[in-house]
Structures are given as C-alpha cells and as structure tokens.
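Since the structure comes first, as structure tokens, the remarks are kept for the end.
The values are calculated or read from the model by the stated rules, or taken from the named source; none is laboratory data. None of the values given here were measured: they were computed from a predicted structure. With ideal geometry, Cβ positions are generated from the backbone for all residues, glycine too; neighbour counts draw on all protein chains shown. Side chains included, ligands, DNA and RNA excluded: accessible areas come from the protein's heavy atoms. Shrake-Rupley method; radii C 1.70, N 1.55, O 1.52, S 1.80 Å.
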Amino acid sequence: MTADGPAGLRLTVVGCAGSYPGPTSPASCYLVEADGDDGAGGTRRWRILLDLGNGALGALHNHADPLAIDAVFVSHLHADHCLDLCGYYVLRKYHPTGAQPRIPVWAPAGAAERLARAYDLPLDPGMTEEFDFTEYAADRAPVQVGPFTVQPFEVYHPVTAYALRVTAAGRTLTYSGDTAPCAGLDEAAAGADLLPRRGRVP
C-alpha cells in the first residue's frame, strides 16, 4: 500500500499487522522516501523506516533494497515494532559483499540493550558496530536525515513510546505508533497532510 504526496513524499506500508505478523501483512513497518541533496551537487532518493517489526524485513525487499535505507526510527520497543532489527543486524554484519557501514537508529532509551538480549549477544558491543543507536531527545529536538526532519512526541503506551512527525518535500506525515488518544499525539498530528491508520492509508 503506497501513497504519494504531490511534492514527492512517498509512503509505503510494508507491514501494519498489530501485535504479531498476520497471514497477509508483517508487523509495523513504514517506508518513507523523498528526493534530496546527494552532497555532491546532485540529488538522490533518500529512504527511512518507521519501525521494523517482526516479519517486516523480508517484505521490505519487495519495495526497496534494505541496504539502501538511510536511517531507522523506532516508535517503541515492543517486538511488533522493532524485532526485525535482529535480522537486519545479520544482513548488515554478514552480507556477502562484506560488513556494511553503521546505520543510524533512533529509538527510546534501552534499545541497544533490548536488541542485544533479543539476539543473545553480549551487551558490549551488542549491535552497536552495525547500528548507531541514539535516544530521542527529551526536549523533542528534531532529527535531520537528508531531506527528512523527524520530530518525536512521547505518547501514551505501557512502555515509553513516541509518535513521529516526518516532514520532507513540503509535506508532513505523522506516524502514531501505538498510542491511546493523548496530548502528544494531538501535537504530533496537528496540521499533518497524512496520518496513516492501521491497515490503510487515507
């Protein structure tokens, strides 16, 4: 399921099954693409992932080369939103062409430890040689990746969780992750052009 913004912002729903992968969909994973400066005077396609839940990595191959992803943003640390980072670790560490460069992963506090334990790795180095883990700032400071500005808003969930407001190409989409109605979600969604709902793109 894909939606194109009029200014070139593209969203692909890689997976949207809740709690566990379903027969027709992996768990949560959203691919967002936009063109931006390539750093050499030209432009290129930039790609980020919003979550990489269980079952999503395989399906991602149908939409983009997993090695062409520029950054991953994790809404929270439940398995259906982050666990395929374990498979992504294997892909990047043991790729036939050699170990791949570290990729930025923004996530709630404790992500590096959570994923190292999930794969039964020692906490040092865990997956930190493959992923550059960074915690979301408490002051909601936005993150810049190529043409994307991503701002986290803490939302209501049994574990620390964030809605993610993504702006690029003159358009804004808000990814709610898992949350009940709350002030953080209201702020993240205010004025957004697109607010994906589970199972569909409006």
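Calculate how many DSSP beta bridges within the chain are antiparallel, expressed in % of all such bridges and rounded to the nearest 5. Intermediate results must be reported in sequence, preceding the final value.
On the way: 32 of 44 bridges.
Here the share of antiparallel DSSP bridges comes out near 75 percent.
From the residues ASN62, VAL90, GLY42, which one has its Cα farthest along the dipole of the chain in the positive direction, the dipole being from +1 and -1 charges on Cβ of Lys/Arg and Asp/Glu about the Cα centre?
ASN62
Translational diffusion coefficient of the chain at 10 °C, 1.306 mPa s, Stokes-Einstein with Kirkwood Rh over Cα pairs, in µm²/s as a whole number.
94 µm²/s
Amide H neighbours of VAL145 under 5 Å, at least 5 residues apart or on other chains, H built in the peptide plane: list them.
Amide H neighbours of VAL145: VAL150.
Could you check the simple spin-label distance between GLU187 and ALA68, using points 7 Å along Cα→Cβ, in nm with one decimal?
3.6 nm
Work out from phi, with θ = phi - 60° and the Karplus expression 6.51 cos²θ - 1.76 cosθ + 1.60, the ³J(HN,Hα) of each residue of the range 148-158, listed in order in whole Hz, and give x for Gly and Pro.
8, 10, 10, 10, x, 10, 5, 10, 8, 6, x
I need the phi-derived Karplus couplings for the range 75-84: 6.51 cos²θ - 1.76 cosθ + 1.60, θ = phi - 60°, integer Hz, Gly and Pro marked x.
These are the phi-based 3J(HN,Hα) values: 6, 6, 9, 6, 4, 6, 10, 9, 5, 6 Hz.
Determine the distance separating the Cα centre of the range 160-186 from the Cα centre of the range 21-52; give it in Å without decimals.
If you average the Cα positions of each part, the centres end up 16 Å apart.
Given Cβ point charges of +1 (Lys, Arg) and -1 (Asp, Glu) and nothing else, what value in debye, to the nearest 20, does the dipole of the chain about its Cα centre take? It would help to have the intermediate numbers written out before the result.
Working: 15 positive and 23 negative charges, 88 e Å.
So the dipole magnitude of the chain works out to roughly 420 debye.
Once amide H atoms are placed 1.01 Å from N in the peptide plane, what residues at a sequence separation of 5 or more from PHE133, or on another chain, have their amide H within under 5 Å of its amide H?
VAL105
In µm²/s, what is D for the range 1-93 at 20 °C and 1.002 mPa s, where D = kT/(6 pi eta Rh) by Stokes-Einstein and Rh is the Kirkwood radius from Cα pairs? Please list the in-between numbers first.
Numbers: Rh = 13.5 Å.
For these conditions, the coefficient is 158 µm²/s.
Report the gain in length on full extension from HIS95 to ARG140: 0.36 nm times residue separation, minus Cα-Cα distance, nm rounded to one decimal.
Details: separation 45, 0.36 × 45 = 16.20 nm, distance 3.49 nm.
Extra length available between HIS95 and ARG140 comes to 12.7 nm.
7 Å from Cα along Cα→Cβ at both LEU195 and GLU129: what's the point-to-point distance in nm?
4.5 nm
Roughly how many percent of the accessible protein surface of the chain is carbon and sulfur, given a 1.4 Å probe and a whole-percent answer?
50 percent
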